Amino acid sequence: MTTKPMSRPMPSYLLDRGYKVWNHAEEPLIRQPTSILNHNNNNHSYSHHTHTNHSHNDNRKDLGKLIEEEVTEKRRNGFNLSNPYLNTLEVDKLYHLGLTKKGDNLVKKFGDVKFVCTGESVSRMELTATILKHKLNLTEPVEKINQDVDRFTIYKVGPILCVNHGIGVPSLTILLNEIFKLLAYARCQNVTIFRLGTCGSIGKPPGALIITNKVVDDRQRPLFEQVVLGRVVSLEATVDQELVEELRTIGGTQLSELTIETGTTMATNDFYEGQGRMNGAFCGHTFAERGRHLLSLKKAGIINIEMEANAFFALCTKAKLKCACVDVVVCDRLRGDMSNIDSDQFTLFEQRPALLISKYIQRHMDLN
């Protein structure tokens, strides 16, 4: 039976696997993997692998081989950007970063990046970059990369990027899409990305560090949901337990003066009613209902609440990037809805995630 190209886009659930696969009764067709950047340590190429369809049995064998090879390549390179249309872009504007990809122009500036730190505010990321410079004894100055944009601000020091992601999932997903493309276009290898944030806890004191070992959404599901072309697409939000354990061990041995906990993080879509607060412009629940809800979260093993973690883990996992989330507690929600720490304490607490990450980066820079 003769096969011919299909004009419509591939289904999203197949894109997620990085392959173009159609299995229509009349026109079975297997197409090449769609990973956009097949790069290695020595060169950067945009390559396509073709596959001829002879029979259903051959298809199964060849598809299995392709999947195995593609997964191995993705793990080695650290990227799974399964968008075939990026191959068609000679110029790609990373609009919200104020950067543009033209050929290999991003390689020289960003090709050495091994670590990315991201958090809500510009000031926190500038502070994080400054802390990392001094703690790691880096000789390079902290450089503000994108001077002409005010949405996301990038600071670079040595092999580290620090960039703010704003508040909430929509802002975060925009940032991650463009950071992933930046890292891929720059041919970066073996990158680890950290979210450094603030949070409200359930029973943990202000100043405590929370390392996420499981993440759920506001309905206590370990996933991130997104509407694509009118359809709900769910991505599993998984956490790298080896990285969690490494961070916990580093913190316990090198920052023993700090309270460091691991546990389940809940990500919500709102700061006020969505987190059960009573001090927003609107409130449709009682103190008793609020209290029962928070205690039910505690019983379920949830120890902190913030607004980005499920999307962060889901998208980083989809991109095959090693990732972790470290939050510092600024408010125990069992004691109230507002933080009572003063500005000096807040600034001190805000530095603590960066201190832990500096120990991790130092260890891995020493290993290399």
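The values are calculated or read from the model by the stated rules, or taken from the named source; none is laboratory data. Here the structure is a predicted model, which is why all the values come from computation and not from measurement. Cβ coordinates were reconstructed from backbone atoms using ideal geometry, including for glycine residues, and neighbour counts include every protein chain displayed.
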### All positions within region 97-114 that are crowded, with 17+ Cβ neighbours inside 10 Å and within 13 Å of residue 154 (Cα to Cα)
97, 98, 99, 110, 113
### Query
Restricting attention to region 209-233, and to residues there that are closer than 19 Å to residue 274 by Cβ and basic (Lys, Arg), which single residue is nearest to the chain's Cα centre (by Cα)?
221
### Query
residue 356: in a helix (DSSP H, G or I), out of contact with any Cys (no Cβ under 8 Å at 6 or more places or on another chain) and under 27 Å from residue 174 (Cα atoms), yes or no?
yes
### Query
For the subset of region 286-317 comprising residues that are of a type outside the set (A, V, I, L, M, F, W, C) and crowded, with 19+ Cβ neighbours inside 10 Å, which member is farthest from residue 263 (Cα to Cα)?
317
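Conditions (1) in contact (Cβ under 8 Å) with a residue 24 or more places away in the chain; (2) over 25 Å from residue 222 (Cβ atoms); (3) out of contact with any His (no Cβ under 9 Å at 6 or more places or on another chain), marked per residue:
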| site | (1), (2), (3) |
| --- | --- |
| 278 | yes, yes, no |
| 287 | no, yes, yes |
| 301 | yes, no, yes |
| 309 | yes, no, yes |
| 326 | yes, no, yes |
| 329 | yes, no, yes |
| 361 | yes, yes, yes |
| 366 | no, yes, yes |
### Task
Enumerate the strands (runs of 3 or more DSSP E) found wholly within region 208-325, keeping only those where 2 or more residues are touching a Cys at 6+ places or on another chain (Cβ under 8 Å).
209-216, 302-306
### Message
Anything in region 173-207 that is assigned to a loop (DSSP other than H, G, I, E, B) and not charged (D, E, K, R)? List them, or say none.
### Response
186, 188, 189, 190, 191, 202, 203, 205, 206, 207
### Query
Can residue 178 be described as touching a Leu at 6+ places or on another chain (Cβ under 7 Å), surrounded by fewer than 16 Cβ atoms within 10 Å (Cβ to Cβ) and touching a residue at least 24 places away in the same chain (Cβ under 8 Å)?
no
#### Entry: Every residue from region 248-283 that is of a type in the set (D, E, K, R), closer than 30 Å to residue 170 by Cβ and within 26 Å of the chain's Cα centre (by Cα)
261, 270, 273
### Message
Quick check on residue 200: is it closer than 24 Å to residue 166 by Cβ and more than 17 Å from the chain's Cα centre (by Cα)?
### Response
yes
### Message
Show the residue pairs meeting these rules: Cβ distance below 8 Å; 6+ apart or different chains; first residue within region 97-108 and free of Cβ contacts under 8 Å to residues at least 12 places away in the same chain; second residue charged (D, E, K, R) and part of a strand (DSSP E or B).
### Response
100/92; 100/93
### Message
Can you pull out every residue in region 199-222 that is touching a Leu at 6+ places or on another chain (Cβ under 6 Å) and more than 14 Å from residue 330 (Cβ to Cβ)?
### Response
203, 211
### Message
Out of the residues in region 136-178 meeting the condition of being charged (D, E, K, R) and closer than 29 Å to residue 225 by Cβ, tell me which one is modelled with the lowest pLDDT.
### Response
151
### Task
Identify the residue in region 324-349 that is in contact with a Ser or Thr (Cβ under 7 Å, 6 or more places away or on another chain) and of a type outside the set (A, V, I, L, M) and, among all such residues, is surrounded by the most Cβ atoms within 10 Å (Cβ to Cβ).
325
## Note on the structure
By my count, strands (runs of 3 or more DSSP E) wholly in region 90-139 with at least 3 residues that are within 18 Å of residue 355 (Cα to Cα) are 115-119
### Query
When you go through 243, 258 one by one, which is the residue that is at negative phi, in contact with a Ser or Thr (Cβ under 9 Å, 6 or more places away or on another chain) and hydrophobic (A, V, I, L, M, F, W, C)?
243
